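What follows is a short report on a single structure.
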Amino acid sequence: MSNIKQPHQRRTDTTVSSCSPSSTFCATTCIATAVDPSNCGGCGNNCYTKAQFSNGQVTCTSGSCVSITPTLSWSTSSSPTNSLTITTTLTSATLYQPSSATSTNSPTNLPTHPPGPAGLTNGSVAGIGIACAVIGALLAGLIILFALSRRKNRHPIYQQPSAPPNNGGYMPQEKSGATTTVANVDRLLPQPTEDDAMIAGLSKIRDAIKNHVQNYYHTVPVDHKMVEEAGLVELARVLAVPTSSILDLLLNPATRVPMLRLYLGHLILSRCSGQPDTTLSFLPSEVSALAASDAGAKAITAAEVALFSKWKTISGTLLQQRYSQQPNENDPREASIADALASSEPVLRPFVNPSIDTNVRRRNLEGIMRRAAQYAFLMFSQPSSFVFDYTRTGHPDSLVVFPALLITVNDEGERLSPPRVLSEKEVVAGLGRY
């Protein structure tokens, strides 16, 4: 390991052999071309630049560009039942399969799509429309099930032997089950996950990051020019410190391990919530853009907070079969995981133990991110809303190496002020002022 003490040319190349079977080597990194809209079906095939997709939500599925443009309207009732009426129209998807990985030709005579409603981005409209369309399908199924149940219950359990036949007398009309089904939709939703289970899931991510840092990185001197400081900007913003302070903690062998834990923890957990740019979120693209809304913000009314809570729960229930497990190589979330891995390399590479196979290290980190993607969907599907808190308390030489998890909206869809602490932060002291 003595050769690390001297500055050396930093590697910036990525080879084809380092790509997983589900990825393709494009320029300088491995891309999941089956799901990456910027390289859909092959390197450089950007769905966003296709003329036919300019007015609608576009994504990449199985190497094909897919355009979905929903329109949505809803109304709420102020009656005691707090009913919600949702009407949604979803256009059929327009698929585009490139003839070659680098082709610039576009299909002709494809339908154009109107822009989203005023005040909403196309990504938000698509997320709302998809969720509501699926909700409508669920409610239709529930109505059928309820009707069958009522039909079955019409058979009497006990029949009076001497009951006279009905000779044309009045027969009461049975009420439709549709209203009852909608009113009782809460009974069809799963119970919120227990606090202990939420805490345990987050603890596994924390411990996995800790073990990863201890097993794959060294603590010998490194030249500061080898670390790409630009990759520390977002963490510096969250901690409210200069990037130079974070860089100093990384370069110091005595503080490197806790600082690497903090860097990776923030990189991973910041992607466990909704993002306007779906490539930066581990959540499914169907809900990521709308999930970026801050349900705890004071500008949002109590009614909107309650509706947002209900939307999350219903959407999570409908998407559970597809996204409740850790992503595999065919999961659309793999594109976001690949992006996170690529963004971490300029910061982590100078500190990697040279005796460790770099592919083994990357697979271990990829596994942690997949676990985090599963946990992100678990948090999203709860009626509660959560935030991660990195606020430093106590001595000025302390460092929050893993954030607290706060609940900002409870299971009843009510804003909490102050938020409730679900999981405590982990703090390391004695690192010196920074």
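Only the coordinates and a few stated rules stand behind these numbers; no lab work does. This structure is a prediction, so every number in the text was calculated from the model and none was measured. Ideal geometry is used to build each Cβ from the backbone, glycine not excepted, and the neighbour counts take in all protein chains shown.
Taking a ≥ b ≥ c as the square roots of the eigenvalues of the Cα gyration tensor of the stretch 253-405, is the shape rounded (a/c under 1.5), prolate (a/b larger than b/c) or oblate? It comes out oblate by the Cα gyration axes. Each peptide among 239-250, 312-323 gets the average number of other Cβ atoms lying within 10 Å of its residues, and from highest to lowest they stand as 312-323, 239-250. Calculated FRET efficiency, ASP207 to ASN184, Cβ-Cβ distance, R0 = 51 Å: about 0.80 to the nearest 0.05.
Show me the ranking of peptides 329-339, 417-427, 188-198 by mean Cβ neighbours inside 10 Å, starting with the highest.
Working: 329-339: 21.3, 417-427: 14.5, 188-198: 12.5.
Peptide ranking by packing, descending: 329-339, 417-427, 188-198.
Straight-line cross-link reach from LYS312 at under 16 Å between alpha-carbon atoms covers these aspartates and glutamates, not counting any fewer than eight positions away in the same chain: ASP186, GLU286, ASP294, GLU304, ASP411, GLU412, GLU414.
Indicate the gyration tensor shape class of the stretch 318-363 (rounded, prolate or oblate), computed on the Cα atoms with a ≥ b ≥ c the square roots of the eigenvalues: a/c under 1.5 is rounded; otherwise a/b larger than b/c is prolate and the rest oblate.
Details: a/c = 3.98, a/b = 2.48, b/c = 1.61.
It is prolate, given that a/c is not under 1.5 and a/b is the larger ratio.
Over every Cα atom in the stretch 315-434, the radius of gyration and the widest Cα-Cα span, Dmax, amount to 18.0, 52 Å. Here the spin labels are modelled as points 7 Å beyond Cα on the Cα-Cβ line, and at GLU234 and VAL421 they lie 2.7 nm apart.
Using the number of other C-beta atoms within 10 angstrom as an exposure proxy, rank ILE209, ILE407, ILE300 with the fewest first. Working shown, then result.
Values: ILE209 24, ILE407 20, ILE300 16.
Placing the least packed residue first, the sequence is ILE300, ILE407, ILE209.
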